[in-house]
Amino acid sequence: MLHTFVSCRAEMADACFSTQLIDGDGVFNVTGLENFMKEVRLAECGLSYAVVSIMGPQSSGKSTLLNHLFRTNFREMDAFKGRSQTTKGIWLAKAQNIEPCTLVMDLEGTDGRERGEDDTAFEKQSALFALAVSDIVLINMWCHDIGREQAANKPLLKTVFQVMMRLFSPRKTTLLFVIRDKSRTPLENLEPILREDIQKIWDGVPKPHAHKETPLSEFFNVQVVGLSSYEEKEELFKEQVSDLRDRFQHSIAPGGLAGDRRGVVPASGFSFSSQQFWKVIKENKDLDLPAHKVMVATVRCEEIGNEKIASFTADEEWQQLEEAVQHDYCPGFGKKISSLLDRCLSEYDMEAIYFDEGVRSSKRQQLESKLLQLVNPAYQSLMGHLRTRTLEGFKESFDKALEKEGFAAAARDCTHTFLEKFDKGSEDAAIQQVNWDTSKVKDKLKRDIEGHVASVRATKLSEVCAKYEAQLTKALAEPVEALLDSASEDTWPAIRKLLQRETKAAVLGLESAVSSFELDESTEKELLAKLEKHGKSVVESKAKEEAGRVLIRMKDRFSTLFSRDADSMPRVWTGKEDIKAITKTARSASMKLLSTMAAIRLEEDGDNIENTLSLALVDTSRPGTTDRSIQSSDPLASSSWETVPEEKTLITPVRCKNLWRQFKAETEYTVTQAIAAQEANKRNNNWLPPPWALAAMAILGFNEFMTLLRNPLYLLVIFVVYLVGKAIWVQSEIGREFQHGFLPAILSLSTKFVPTIMNILKRLADEGQRPAGPERQREMELQPKSTRNGSYSNVTSAGSSSVTTSEIGPEYSSPVAQ
């Protein structure tokens, strides 16, 4: 008897062992099993072990799945040598790093050509043995076989169900259907179909009288899992197998993957129990499981289909097309792909002509579906390039059309033209074997076109609106500033009239400009209302700006009215002016400016701001005002005006009061200077001594007066002394020197006295040597008059600090300066 025993690589921590349990001739390898049990110490496990087996078509990847799932070392098929039988008989191995101890059986594939069509007894016996021994049976099947009558081992399962009930007492076994090469169809949609098929098999199996009413769930726990293709999606396959491996941990625990544990023999009796199972199965001569050509046809047609797919993907023309569509639109794509697909399907028909017609047709449909799945990404890429090219052409054409016609008309014409171009491109890309829907791509193109049109529309409308807003701003800003500067009763009515006139003109212009956009009524009204609102915002902004400079404006207005007369000429304070009345008039005008700037009055609603300010700030000297202010509350002790909304308030009452206090403080100096200049002018014009001084001189100076009459020479000497003293006073600037203090003045004059005397004598000598001309005589005649009367400078709004005479006249400083 031929037997084999293999150990995994020594470097693995938890070594796995495998042996051929039953050879290809059906001989049970007793010695190999005994050695295997010793190596893995199976007898020590007691009842804590599980048995897993796998069944399915030949070359369907069973060994590969077990090696990845349990880290065993079963022999795998070499894909480069073609499909052939890899596993012969039944092999047994121990799973690595799985708790509890798990034994794995790899069964010989069904429908193998090596055994032939008629010699299928061993396949049926091995499947029945696996169901009898195992806690978990993996049914390896193709995803595309789900829902088919002659596929997925259904005939084999039908016979196994029937024979198992006849041979063995009922025991619940887990049937884990592993769906290989799972397609895009969700597992949730495939599982109900598979379960329905299994239930139909169970319902159709003849049952002994004892199990007539026994449900499927009494014998089997059916579960389903899907795995991706190992060859095409290896990483995903390994990830899914890893998740499945976790389910085999503690499989015999309550709620674990293993089924009913009733009748499980201890681990030490596993060898004898297995031998008895196989003996009963082998001796049952009547156990004749029918072989089906469908299984062979299924596998062979699947192989042919895979070969055609590989041939298609390696085709040079397809590779060139696939590469070309990644970069740009490829004309004639549909015809070229249709030709390639037609050639591939024709070759399949020729090679599969002798197989079962139903299987052949089904596999042809699957082949066509897989080929179209390969082509679909390239097709979608092509349609994407077509959409992008059409969109770019639309944008360029649309920009040019806007230069010739209105916006709405240009958008309609360009949209219609380029959607037709897209339809022609879609027809060129169409594949004969399939009718793929391009409506989603076209809808996306429509949305892109509509989005671009909307974006351009928004940009153009924004430019037009900005243009008219700028015009309106220019038309309002400076006139409003000028009107606010004038600050009269007609200021706000004039502003309202100006705003209405300019806004109306701007609205008419904007309405005409946006007519080509064919906007809906609500949008157009919104744009016009926005322009009107902008006009109001310009006025309000300018008003707020001017309100921030109101104190400067008030002082300028006060200075203008106080320092200049009705003819705008500078005032000369001669003593005849009523400074109090002038001050009150100037302050009233400044108060009028303050009341004008206190609030925004774009509506014709009246307010009492001016009266309130006038009563509280200007008319405080009116009889009864003081008593009333004491008895009643301050009208300006508030943060808002009556009948004026907060958003329309520019200067609050409290702020007005503070501004007025500051205004009065800063203009008081100008008034004081004017009063001082007026008094100085009065004193300068009154050159005669007071009457009492004249009387005193007449009484007390009679003797001196008689002396001067008797000696006129004294009078001449006194006059000469007076002239010399006056000349020294002017030349030495004695009055200015004494402003710095007495002692500094004495020290300074002591240094100037002798040079001043010498300068006077020199000038007298020069005048005596030169004869006086007519002009010099006239100047000498006018000089005493100017010396006697003097000339005075005017006090203006700049706040002059003094009243100054000519060089020899008196100089008066203001009381404030002193």
Task: Filtered residues of the stretch 593-616 (kept if in a helix (DSSP H, G or I) and either crowded, with 20+ Cβ neighbours inside 10 Å or of a type in the set (A, V, I, L, M) (or both)) - done: 593, 594, 595, 596, 597, 609, 613, 615, 616
- [ ] State the number of residues belonging to the stretch 31-65 that are within 55 Å of the chain's Cα centre (by Cα) and without any contact (Cβ under 8 Å) to a residue 60 or more places away in the chain.
- [x] 1
- [ ] Report the residue count in the stretch 102-129 for those that are modelled with pLDDT of 85 or more and in contact with a Leu (Cβ under 7 Å, 6 or more places away or on another chain).
- [x] 4
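So that you can scan it fast, the table gives a plain yes or no per residue for (1) of a type outside the set (Val, Ile, Thr); (2) out of contact with any strand residue (DSSP E or B) (no Cβ under 7 Å at 6 or more places or on another chain); (3) open to solvent by 80 Å² or more (accessible area, probe 1.4 Å):
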{"site": "713", "(1), (2), (3)": "yes, yes, yes"}
{"site": "718", "(1), (2), (3)": "no, yes, yes"}
{"site": "722", "(1), (2), (3)": "yes, yes, yes"}
{"site": "728", "(1), (2), (3)": "no, yes, no"}
{"site": "732", "(1), (2), (3)": "yes, yes, no"}
{"site": "749", "(1), (2), (3)": "yes, yes, no"}
Task: Leading residue by the ranking (farthest from residue 519 (Cα to Cα)) among those in the stretch 432-471 that are open to solvent by 70 Å² or more (accessible area, probe 1.4 Å) and not in a helix (DSSP H, G or I) - done: 432
Open item on the list: With at pLDDT 85 or above and open to solvent by less than 40 Å² (accessible area, probe 1.4 Å) as the only criterion, which of 533, 542, 555 stands out?
Closed with: 542
TODO: Name the one entry in 346, 338, 311 that is assigned to a helix (DSSP H, G or I), exposed (fewer than 14 other Cβ atoms within 10 Å of the Cβ) and at pLDDT 90 or above.
DONE: 346
Task: Members of the stretch 562-592 found to be without any contact (Cβ under 8 Å) to a residue 60 or more places away in the chain, within 12 Å of residue 678 (Cα to Cα) and either among the acidic types (Asp, Glu) or crowded, with 22+ Cβ neighbours inside 10 Å (or both), listed by number - done: 578
- [ ] Tell me, please, whether a residue that is of a type in the set (D, E, K, R) and more than 30 Å from residue 424 (Cβ to Cβ) can be found in the stretch 322-339.
- [x] no
Task: Filter result for the condition that a residue is in contact (Cβ under 8 Å) with a residue 60 or more places away in the chain and assigned to a helix (DSSP H, G or I), over 508, 499 - done: 499
Task: Residue under evaluation residue 499, criteria (1) farther than 21 Å from residue 604 by Cβ; (2) among the aliphatic types (A, V, I, L, M); (3) buried (at least 17 other Cβ atoms within 10 Å of the Cβ), criterion not met - done: (1)
- [ ] Examine the stretch 406-422 for a residue that is among the aromatic types (Phe, Trp, Tyr), closer than 30 Å to residue 339 by Cβ and not in a helix (DSSP H, G or I), and state whether such a residue exists.
- [x] no
Task: Subset of the stretch 477-494 [among the hydrophobic types (A, V, I, L, M, F, W, C) and open to solvent by 50 Å² or more (accessible area, probe 1.4 Å)] - done: 482
- [ ] Answer yes or no: is there a residue in the stretch 662-673 that is aliphatic (A, V, I, L, M), within 60 Å of the chain's Cα centre (by Cα), at pLDDT 80 or above and within 24 Å of residue 482 (Cα to Cα).
- [x] no
TODO: For residue 87, indicate whether it is closer than 24 Å to residue 242 by Cα, modelled with pLDDT of 75 or more, crowded, with 20+ Cβ neighbours inside 10 Å and not aromatic (Phe, Trp, Tyr).
DONE: no
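The values are calculated or read from the model by the stated rules, or taken from the named source; none is laboratory data. Because the structure is a prediction, the values reported are computed rather than measured. Here Cβ is always computed from backbone atoms with ideal geometry, including for glycine, and neighbour counts include all displayed protein chains. Accessible surface areas use protein heavy atoms only, side chains included; no ligands, DNA or RNA. Shrake-Rupley method; radii C 1.70, N 1.55, O 1.52, S 1.80 Å.
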